[in-house]
């Protein structure tokens with residue numbers, strides 16, 4: 001009888017292990033993540049940036065349930081720069097995904113905290129998100145690491161906890177250990193959003209050879225406006241049309257005029273990350 005009980009318990013553990021493995025994602029405590037579930041994100045937005053960047057800039061770090069880590073890679077310092085952002089992907093283990101989620105929870109992400117407000121104008125806000133059993137937990141810290149001398153000790157301590165977390169998340173080789181993070185490579189986007197404004201000459205264009213307009217391969221520009229950003233218009237595409245836009249953008253630069261409906265447009269591209277497929281998926285940024 002004892003042997004049968006041991007055998008039954010072993011089978012239960014094996015079945016449970018296979019069920020967790022079949023999700024293809026990490027498990028943290030009572031939470032199991034699907035492969036495309038966004039588990040941890042660090043995003044810095046706002047401040048003195050063009051309004052288009054409030055929806056098109058790639059987050060600093062996105063960690064998914066299957067261990068993919070998507071980041072915004074280095075930018076080439078040339079003008080005009082490439083049309084497409086340098087989106088990179090690395091791989092970590094699902095066990096390390098769970099460790100990062102636990103670390104974010106331990107740092108207080110999603111909990112009420114008094115961060116104060118430094119006397120700094122037009123500073124960006126750092127957004128940190130972690131997915132838990134209760135859903136997405138988010139902490140927003142304006143002007144993180146900037147002008148904090150005017151704050152009290154408690155406010156500075158709260159900010160320092162988030163600052164240390166952000167530093168740990170954005171330096172995963174140091175945080176997780178040597179060999180825990182794969183080599184970085186280009187992220188294979190499955191689609192793209194495009195924010196368009198009427199093309200107009202800029203000061204930086206002086207002395208450059210005029211660029212011939214390129215036929216736009218996607219939905220007619222400029223597209224629909226965001227409800228909370230009426231000056232920002234966006235179109236999106238996935239599948240074959242998305243591939244065509246990405247291929248054309250890969251040969252273009254940030255000042256390439258795109259010809260659509262008889263007009264020339266300047267386009268800012270945002271490759272879709274896992275779980276994104278429409279312009280509305282980018283509207284969370286502030």
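Read-outs: derived from the displayed coordinates by stated rules, not from any lab. Since the structure is predicted, the reported quantities are computational estimates derived from the model, not experimental observations. Every residue, glycine among them, receives a Cβ derived from its backbone with ideal geometry; neighbour counts consider all protein chains shown.
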statement: Checking 210, 222, 142 against a Gaussian network model of the chain (alpha-carbon springs below 10 Å), the top fluctuating residue turns out to be 210
Helix-derived mean residue ellipticity, 222 nm - over the chain, DSSP H n ≥ 4, -39500 (n - 2.57), to 500: -7500 deg cm²/dmol
- line: Mean-square fluctuation maximum in Gaussian network of the chain, Cα pairs under 10 Å, restricted to 249, 200, 158, hits 200
- prompt: For the range 95-152, what is Rg from Cα atoms divided by 2.2 N^0.38 Å, rounded to two decimals?
  reply: 1.30
message: Run the simple label-point estimate for residue 283 and residue 93 please: 7 Å along Cα→C-beta, distance reported in nm.
response: 4.1 nm
statement: One would report the antiparallel percent of DSSP beta bridges in the chain, rounded to the nearest 5, as 95 percent
- prompt: Taking N as the number of residues in the range 186-286, what is its alpha-carbon radius of gyration divided by 2.2 N^0.38 Å?
  reply: 1.08
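Using alpha carbon coordinates only, what is the Rg to Rh ratio of the chain, with Rh defined as the Kirkwood radius? The partial results should precede the final answer.
Numbers: Rg = 22.2 Å, Rh = 21.2 Å.
So for the chain, dividing Rg by the Kirkwood Rh gives 1.05.
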query: What list of whole percents do you get for P(r) of the range 103-226, with Cα-Cα distances grouped in 10 Å bins up to the one holding the largest distance?
result: 9, 24, 24, 23, 17, 3
task: Measure nothing but the geometry: give the 0 to 90° angle between the long axis through the Cα atoms of 239-249 and the longest principal axis through the Cα atoms of the chain, rounded to 10°.
output: 60 degrees
task: Could you state the angle between the C-alpha long axis of helix 2-22 and the longest principal axis of the C-alpha atoms of the chain, as a value from 0 to 90 degrees rounded to the nearest 10?
output: 0 degrees
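Output the relative contact order of the chain, whole-number percent, from Cα pairs under 8 angstrom with separation of 6+ residues. Walk me through the intermediate numbers first.
Values: 539 pairs, mean separation 57.7, N = 286.
With pairs under 8 Å counted, the relative contact order is 20 percent.
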statement: Across 53, 129, 117, the residue with the highest GNM fluctuation in the chain (Cα network, 10 Å cutoff) is 117
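Give the Rg/Rh ratio for the range 38-176, taking Rg as the radius of gyration of the Cα atoms and Rh as the Kirkwood radius, to two decimals. Walk me through the intermediate numbers first.
Values: Rg = 15.8 Å, Rh = 16.1 Å.
Rg/Rh for the range 38-176 comes to 0.98.
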- prompt: Debye sum, Cα scatterers, the range 163-245, no solvent: what log₁₀ I/I(0) at q = 0.16, 0.19, 0.23, 0.27 1/Å?
  reply: -0.89, -0.93, -1.06, -1.26
field: Full-extension gain in nm, residue 201 to residue 140, via 0.36 nm per residue minus C-alpha separation
entry: 18.3 nm
